[in-house]
Amino acid sequence: FVEIGAKVTARATDFNMKPTETPSDGVVTGYGVIDGSLVYVYSQDASVMNGTVGEMHAKKIANLYDLALKTGAPVIGLIDSAGLRLQEATDALNAFGEIYMKQTLASGVVPQITAVFGNCGGGLALIPALTDFTFMEGKKAKLFVNSPNALAGNNVDKCDTAAADFQSEKAGLVDVVADEADILAQIRQLVSMLPANNEDEAFEEECADDLNRASAELANCTGDTSIALSTIADDNVFFEVKEAYAKEMVTGFVRLNGQTVGCVANRSEVYDGEKTETFDSVLTPAGCEKATEFITFCDAFNIPVLSLTNVTGYAACECCEKKIAKAVAKLTYAFANATVPKVNVVIDKAFGTAAVAMNSKAIGADLTIAWENAEIGAMNAKDAAMIMYDG
């Protein structure tokens, strides 16, 4: 790791700031390599003014983004901060805006990864939201816009909206929850699977797995497609993102013959040694939003998309009805608009317009494959017959 800007300190003098020591202004920035690939990293130092973001703190991060964009390398941010440095007032506000701007310019150009190890509150919560993938430490980390106690009728004991389980399961902002060591290991794994930038074609690795190996258990994986994807992947490695959110839709990365492939799959069962959860084979607003965001990332970075389809319709409830049409429309657009290679595999049922939205040939899939027991049609045959031939 090579540090950049180690001598930078705060230049503000208001509110008795001058006597305050601010080594590196509360953030360490620099570059290094992961599996031989260049990455840029910034890490907030909570021991310096609680890691608060001030003018020079933000300039260091902004300069790091400039270097990453010039060299075409990922940016990794390690977050532990009390947020805005109030002593610097509007200078600090402008500083936040500079970071947001650099993140926006980097979107779709270089991968952006954030890991939250401590506090990440208020406007700072936008930083992981603007990145492509967010990791969060499961016990001590806090991620929030408004603190739990500031929400009407709530307190931290009733519902800790800043906790990792809420942000991963309910909000869908966090992709992976783990302990610190595991987060660092998984970031390394993710970086090794992703291209360095949107023009990088050389992110393949040599495949030692047998491409023609039989996968006898695959036929039993129509319910839990995360298992199906790990079964077909090189060395059975499937990197799932947003695993805890909208579990009826699976998203993540595999390697096939060394090539990174983005996967989107319907799921009706969850197995963890035994069946733990079941879902209807339908599209939900949350599932569609999760898949849309993932497909958009894959398209930006030239990552082919594989979909496993098992869907019979749409989620039917008053809450879902408010969002389902727009969510499915966005999913349809994401698949149709993606210019990367797209393969669709119908593993069980593909009924109605919900199946059309799941990467069908009609909206641009390059290749559609169906398992021999798959059912494809406008709707269940028995129900269709009752409608067409009443009585």
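The values are calculated or read from the model by the stated rules, or taken from the named source; none is laboratory data. Everything numeric here is computed off the predicted structure, so don't read it as measured data. Because the Cβ atoms are built from the backbone with ideal geometry, glycine has one as well, and the counts that use them run over all protein chains shown. What goes into the accessible areas is simple: the full protein's heavy atoms, side chains included, and nothing from ligands, DNA or RNA. Shrake-Rupley method; radii C 1.70, N 1.55, O 1.52, S 1.80 Å.
Could you rank Val177, Val53 by how accessible they are, 1.4 Å probe, largest area first?
Values: Val177 65, Val53 0 Å².
From most accessible down to least: Val177, Val53.
Were the residues from Ala336 through Asp157 laid out at 0.36 nm apart, the gain over their Cα-Cα distance would be 60.0 nm.
Take the chain with all the other protein chains still there, run a 1.4 Å probe, and you get 47 Å² of accessible area per residue. Overall, the chain carries a charge dipole of about 1120 debye about its Cα centre when +1 sits on the Cβ of Lys and Arg and -1 on the Cβ of Asp and Glu, all other atoms neutral.
Taking every DSSP beta bridge that has both residues in the chain, what percent is antiparallel when rounded to the nearest 5? Don't skip to the answer; put the middle values down first.
Working: 26 of 65 bridges.
So the antiparallel bridges in the chain amount to around 40 percent.
Around the Cα centre of the stretch 334-391, unit charges on the Cβ atoms of Lys, Arg, Asp and Glu (plus for the first two, minus for the last two) sum to a dipole of about 180 debye. The length gained on full extension between Glu375 and Leu126, counted as 0.36 nm times the residue separation minus their Cα-Cα distance, comes to 85.3 nm. Per residue, the average separation of C-alpha pairs within less than 8 Å and at least 6 apart gives the stretch 59-110 a relative contact order of 57 percent. Candidate cross-link partners of Lys70 among the aspartates and glutamates, defined by an alpha-carbon separation under 15 Å and a same-chain spacing of 8 or more, comprise Glu199, Asp200.
The relative contact order of the stretch 74-166, computed from alpha carbon pairs under 8 Å that lie at least 6 residues apart in sequence, is 27 percent.
Using the Kyte-Doolittle scale, find the helices of the chain whose mean hydropathy is at least 1.6 and whose Cα atoms extend 15 Å or more along the helix's long axis, counting only whole DSSP H runs. Present the calculation step by step, with values, prior to reporting the outcome.
Values: long enough: 55-71 (24 Å, -0.25); 89-106 (26 Å, 0.17); 180-193 (20 Å, 0.50); 285-300 (23 Å, 0.17); 324-337 (19 Å, 0.79).
Both cut-offs are met by no helix.
Sparse packing (at most 15 other Cβ atoms within 10 Å of the Cβ) combined with a DSSP loop state is found for the following GluC sites (Glu not before Pro) in the stretch 171-225: Glu199, Glu201, Glu204, Glu205, Glu206.
The distance from the alpha carbon centre of the stretch 369-391 to that of the stretch 209-281 is 27 Å, rounded to a whole number.
Shown is the FRET efficiency for Leu211 and Tyr389, computed with R0 = 45 Å from the Cβ-Cβ distance and rounded to the nearest 0.05: 0.40. Each 10 Å bin from zero holds the following percent of Cα-Cα pairs in the chain: 5, 21, 29, 23, 13, 6, 2, 0, 0.
Taking the charge dipole of the chain about its Cα centre, with +1 at Lys and Arg Cβ atoms and -1 at Asp and Glu Cβ atoms, the residue from Ile369, Gly262, Ala208 reaching farthest to the positive side is Gly262. How big is the gap, in Å, between the Cα center of the stretch 50-68 and the Cα center of the stretch 128-200? Centre-to-centre distance over Cα atoms comes out at 21 Å.
With 21 Å as the limit, the listed pairs Lys59/Lys102; Lys139/Lys242; Lys102/Lys139; Lys170/Lys323; Lys142/Lys170 have Lys102/Lys139 beyond it between alpha carbons.
Probe radius 1.4 Å, ligands and nucleic acids ignored: give me the carbon and sulfur share of the accessible area of the chain as a rounded percent. Within the chain, the accessible surface is 52 percent carbon and sulfur. Per-residue ellipticity at 222 nm computed for the chain from its helices equals -8500 deg cm²/dmol, with DSSP H segments shorter than 4 residues left out and the rest contributing -39,500 (n - 2.57). Here, the stretch 249-356 has an Rg and a Dmax of 13.9, 44 Å when only alpha carbons are counted. When the charge dipole of the chain is built from unit charges on Cβ atoms (+1 for Lys and Arg, -1 for Asp and Glu) and taken about the Cα centre, the candidate among Ala171, Val48, Pro304 whose Cα reaches farthest toward its positive end is Val48. Normalised by the number of residues in the chain, the average gap of Cα pairs under 8 Å and 6 or more apart makes the relative contact order 9 percent.
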